[in-house]
Amino acid sequence: MGLRNDRTISVLVADDDEEQRILIRSVLEESEEGHHRVTEVPDGTSALTALREHVFDVVLLDLSMPGLDGLEVLEAISGDPVRPQVIFVSGHGTVAVATRAMQLGAYDFVEKPVDRERLLALVWRAAEARRVQSRSERLGAVVSRRVDGAGFVTEDPRMLDVIEMIQRVAPSDVSVLVVGESGTGKELVARELHRVSGRQGEPMVALNCAAVSESLAESELFGHEKGAFTGAAGTKIGLVELADGGTLFLDEIGELELPLQAKLLRALETRTFRRVGGLKEIPSAFRLVSATNRPLQELVDEGSFRGDLFYRINSIVLELPPLRERPADVLLLARHFLEELHPGEEGEWTLTEEAEEVLASYAWPGNVRELRNVVERAALLCRGRTIRAGDLGTSLAAAPPRITDEPAAESGASLPTLRLDELERIALELALISTGWHQGRAAELLGISDRTLHRKIRSLGLQRPE
């Protein structure tokens with residue numbers, strides 16, 4: 001029959017006839033064409049319990065059983081996102097019953113006694129159909145979460161080293177931790193790891209852990225069952241489930257609360273998880289890529305991040321330098337963003353010499369993300385296809401100069417004496433000014449949550465200008 005031998009098919013056999021269960025088990029387990037893991041139950045109620053607690057590829061359901069019959073079991077699991085394919089096995093089927101079974105989503109309907117070869121072929125085809133359907137549904141759910149982004153544009157030696165390391169570690173399943181300030185391109189690194197890893201045909205999903213509360217983060221990561229909490233009107237598939245076979249990217253992982261860290265660690269170690277309010281252990285073979293702009297070791301030392309999770313996720317660490325330490329990349333990226341904004345248009349976008357000087361001398365506290373926003377804004381406001389210094393906004397020209405590694409004596413200028421809180425105030429003011437005090441966009445530009453930005457505005461006493 002050409003059945004595959006490279007994976008195990010999990011089968012639930014529900015039949016009140018013990019001899020029939022033994023016969024089906026022996027046919028499946030003694031087959032040389034495929035590997036089957038068989039679970040037996042004697043009635044519909046036991047079948048439903050098993051289906052709620054475990055994941056099966058295929059269910060062989062007797063039509064008439066004590067408690068719940070086969071059709072009632074199928075109807076009860078019809079809304080389960082990880083439901084198996086159901087094959088009805090019955091000694092007294094009718095056309096009407098078979099039609100009803102197909103309407104409820106049954107894969108096939110066979111009568112007893114079952115032919116051995118037909119049973120094996122049906123079980124394998126049903127398992128393949130479930131695998132294809134599950135993958136299609138997960139990919140469909142992920143489409144809306146994808147964020148397109150440009151590839152790497154850099155001449156910086158440190159960034160080139162990062163790209164080389166990506167190529168080396170991507171084919172493995174090892175967890176990767178990306179470290180860098182907000183806006184340096186941590187998600188771009190994660191997407192490149194996914195693209196060259198061999199998992200590019202599977203989903204990649206992302207969660208910014210700083211942007212959601214603890215309760216929402218748990219549901220986002222692990223999903224929830226219907227009725228798990230107030231407002232849970234239906235079953236939700238979480239990111240861990242969507243990422244099965246693909247990549248899960250957790251940005252600002254240091255913001256995860258300790259209880260969620262424990263659940264994530266368990267999912268990494270066992271490759272299984274439970275939805276919120278659920279009992280079923282659901283498998284998920286995802287590759288984890290994490291990112292942080294905070295020193296996780298310090299968080300471990302102060303007790304706000306689990307040491308065992310830290311050592312589990314930092315097998316490979318990729319450090320991204322901030323844009324102010326990549327001066328050669330500023331104009332390179334600016335020109336790239338201009339080309340990307342208007343592909344295929346006639347005429348070339350240019351920057352005046354004064355505009356280039358402003359871009360090159362700015363410190364870029366928001367890194368590449370801020371540079372992109374500035375270029376996009378300038379392209380919208382400029383006249384013609386030439387961007388001048390005035391098109392870049394007054395905040396850039398008024399900002400303190402970029403601090404370089406040159407000694408003050410050689411450069412002929414003294415280094416500015418700025419404290420960390422002053423730099424933070426400057427970054428916040430620049431982000432708010434450049435977005436017209438739109439706090440949502442400013443928070444995105446800074447790589448922090450809305451509530452964190454609101455708290456900092458209050459603590460620093462910042463006020464929107466009249």
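Is it fair to say S182 is surrounded by 17 or more Cβ atoms within 10 Å (Cβ to Cβ), hydroxyl-bearing (S, T, Y), within 21 Å of L296 (Cβ to Cβ) and over 14 Å from the mean Cα position of the chain (by Cα)? Walk me through how you get there before you give the answer.
Numbers: surrounded by 17 or more Cβ atoms within 10 Å (Cβ to Cβ): yes; hydroxyl-bearing (S, T, Y): yes; within 21 Å of L296 (Cβ to Cβ): yes; over 14 Å from the mean Cα position of the chain (by Cα): yes.
For S182, the condition - surrounded by 17 or more Cβ atoms within 10 Å (Cβ to Cβ), hydroxyl-bearing (S, T, Y), within 21 Å of L296 (Cβ to Cβ) and over 14 Å from the mean Cα position of the chain (by Cα) - is met.
When only residues in the range 239-274 that are within 24 Å of T452 (Cβ to Cβ) and not in a helix (DSSP H, G or I) count, which is farthest from the chain's Cα centre (by Cα)? So the residue we want is E257. For the residues P400, P407, P416, the requirement of being surrounded by 13 or more Cβ atoms within 10 Å (Cβ to Cβ) and either modelled with pLDDT under 60 or of a type in the set (F, W, Y) (or both) singles out P400.
Among the residues of the range 247-266, is there at least one that is surrounded by fewer than 17 Cβ atoms within 10 Å (Cβ to Cβ), closer than 30 Å to A442 by Cβ and not assigned by TED's automatic domain parsing to the domain that holds A442? The answer is yes, given that some residue of the range 247-266 is surrounded by fewer than 17 Cβ atoms within 10 Å (Cβ to Cβ), closer than 30 Å to A442 by Cβ and not assigned by TED's automatic domain parsing to the domain that holds A442. Taken over the range 211-246, the criterion of being touching a Leu at 6+ places or on another chain (Cβ under 9 Å), under 26 Å from R131 (Cβ atoms) and either of a type in the set (A, V, I, L, M, F, W, C) or surrounded by fewer than 16 Cβ atoms within 10 Å (Cβ to Cβ) (or both) is satisfied by L221, F222, L239, V240, L242, A243.
The set of residues in the range 282-302 being closer than 18 Å to I316 by Cα and part of a strand (DSSP E or B) consists of R287, L288, V289, S290, A291, T292. For the range 101-122, enumerate the residues that are assigned to a helix (DSSP H, G or I) and surrounded by 17 or more Cβ atoms within 10 Å (Cβ to Cβ). A101, L119, L120, L122, listed by residue number.
The values are calculated or read from the model by the stated rules, or taken from the named source; none is laboratory data. Since this is a predicted model, take the numbers as computed values, not measurements. Cβ atoms come from the backbone with ideal geometry, glycine included; neighbour counts cover every protein chain shown.
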